[in-house]
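The values are calculated or read from the model by the stated rules, or taken from the named source; none is laboratory data. Just so you know, these numbers come straight off a predicted model, no measurement behind them. Here Cβ is always computed from backbone atoms with ideal geometry, including for glycine, and neighbour counts include all displayed protein chains.
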Amino acid sequence: MPAMAGPDARSVFDRLQTLADETRVRLLLLLEEHELTVTELCDIVQLPQSTVSRHLKTLAAGGWVRSRAEGTSRHYRWAEQAAEAAELWAVVRERARAGAHAGADAERARTVLSERRERSRAFFSSAAADWDVLRDALFGTGIELRALLGLLDPAWTVADLGAGTGALSGRLAPWVDRVIAVDGSDEMLEALHRRTSGQRNVDVRRGELEALPITDATVDIAFLILVLHYVVEPRDVLAEALRVLRPGGRLIVVEMREHDREEYRAEMGHVWPGFAEGQLEAWAAWAGFVDIRSTGLAPAIEARGPGLFVATMRAGDEKARDRRRETKGGRRTAGDGRRERRGDPSGEVAWKAD
């Protein structure tokens, strides 16, 4: 019979030689199931660290295990194998599981992992009082809220109404297909444009909230964040937001609760001193929204302003959308809230910096 030769044969022999040692096979059985440190492996197989480290070095050189550093420790785990090596390991593993050490090793591994979990629980128990401070120091405040942006559909068009300097638009842009950012102040639009200049899916437009420069039923979700207390007729703004939303689209409003801080009118230009409970919901229903609900927001410790609440609502179907309410000037229709621009009857006017 001719002798086997070539790199493939050599690779098989190398693997066989690696798997010929009982200790290395025991380590592989453990690392196929768990990620473990050298110290933990020593406790499980009950061998000196020098012996375990030497065998791990051989396994790593043969591509059987991988490792990662964590502080002063190194964690080892099974490395995915090509078909030939996987077939060879399947044969060895079946025999090894029936060996004298497999059962005891598995039992000690469960004990080691249980102790690891207990150490983790002990840490959280001791750190519970300072946990928020510790996490904020590492990752910043509000990380769990920023993660909720992942719930947005990447195909959506989102409208940031009263976008200001674009803080929200900039955060929304990576998660959706398009952000339409609308504001009526040239100074705000300048800052918004600077902030989002590298985000090509942010469409910056000049316009008033009562006459949005957006085509009917083209938006999936719209935001009004601390905006309504600046406008004279909030219910007209809500009706205009309904116009641009697709049926089933959602509006999210964040606003101040009613307060008695009269200085805000002069110092910050507020028109409304916040909104009483139920007031915004009534206006939203008048505008034609359905599934309206609101809830108060827990105040931030560092905040000195009035309390806030968030309201969410859904644009109804076409029948609900076509309902109109009597106003002083007559009946409001779907188009009369838009202001026709010269040369652009749709009212969609993109803002450009001078």
Exercise. Mind checking which residues of region 71-105 are of a type in the set (A, V, I, L, M, F, W, C) and surrounded by fewer than 16 Cβ atoms within 10 Å (Cβ to Cβ)?
Worked result: 82, 83, 86, 90, 91, 98, 100, 104
Problem set entry | Filtered residues of region 1-23 (kept if of a type outside the set (Ser, Thr, Tyr) and either touching a Cys at 6+ places or on another chain (Cβ under 9 Å) or modelled with pLDDT of 75 or more (or both)) | 12, 13, 14, 15, 16, 17, 19, 20, 21, 22
For this session: State the number of residues belonging to region 246-290 that are within 28 Å of the chain's Cα centre (by Cα) and modelled with pLDDT of 85 or more.
Result: 12
Exercise. If you go through region 89-120 one residue at a time, how many are out of contact with any Asp or Glu (no Cβ under 9 Å at 6 or more places or on another chain) and hydrophobic (A, V, I, L, M, F, W, C)?
Worked result: 7
Exercise. Taking region 168-195 on its own, how many of its residues are touching a Leu at 6+ places or on another chain (Cβ under 9 Å), in a helix (DSSP H, G or I) and either among the small types (Gly, Ala, Ser) or not assigned by TED's automatic domain parsing to the domain that holds residue 254 (or both)?
Worked result: 2
Seminar exercise, completed: Taking region 208-245 and keeping only residues that are surrounded by 23 or more Cβ atoms within 10 Å (Cβ to Cβ) and assigned to a loop (DSSP other than H, G, I, E, B), one is left with 209, 212, 214
For this session: Take residue 63 and decide whether it is touching a residue at least 12 places away in the same chain (Cβ under 8 Å) and on the phi > 0 side of the Ramachandran plot.
Result: yes
Problem set entry | Hey, residue 79 modelled with pLDDT of 85 or more, over 22 Å from residue 110 (Cα atoms) and in the same structural domain as residue 117 (by TED's automatic domain parsing) or not | no
Exercise. Only one of 68, 26 is surrounded by fewer than 20 Cβ atoms within 10 Å (Cβ to Cβ), in the same structural domain as residue 108 (by TED's automatic domain parsing), basic (Lys, Arg) and at pLDDT 90 or above; which?
Worked result: 68
For this session: List the number of the failed condition for residue 60; all other conditions in (1) at pLDDT 90 or above; (2) out of contact with any Ser or Thr (no Cβ under 9 Å at 6 or more places or on another chain) hold.
Result: (2)
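Taking helices (runs of 4 or more DSSP H) that do not extend beyond region 22-114, which have at least 1 residues that are under 23 Å from residue 12 (Cβ atoms)?
Where helices (runs of 4 or more DSSP H) fall fully within region 22-114 and carry at least 1 residues being under 23 Å from residue 12 (Cβ atoms), they are 22-33, 49-61, 83-97.
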For this session: Scan 167, 163 and give me the residue that is crowded, with 23+ Cβ neighbours inside 10 Å, at pLDDT below 95, under 25 Å from residue 299 (Cβ atoms) and not polar (S, T, N, Q).
Result: 163
For this session: Kindly indicate the residue of region 143-158 that is modelled with pLDDT under 95 and in contact with a helix residue (DSSP H, G or I) (Cβ under 6 Å, 6 or more places away or on another chain) and also surrounded by the most Cβ atoms within 10 Å (Cβ to Cβ) among those meeting that condition.
Result: 152
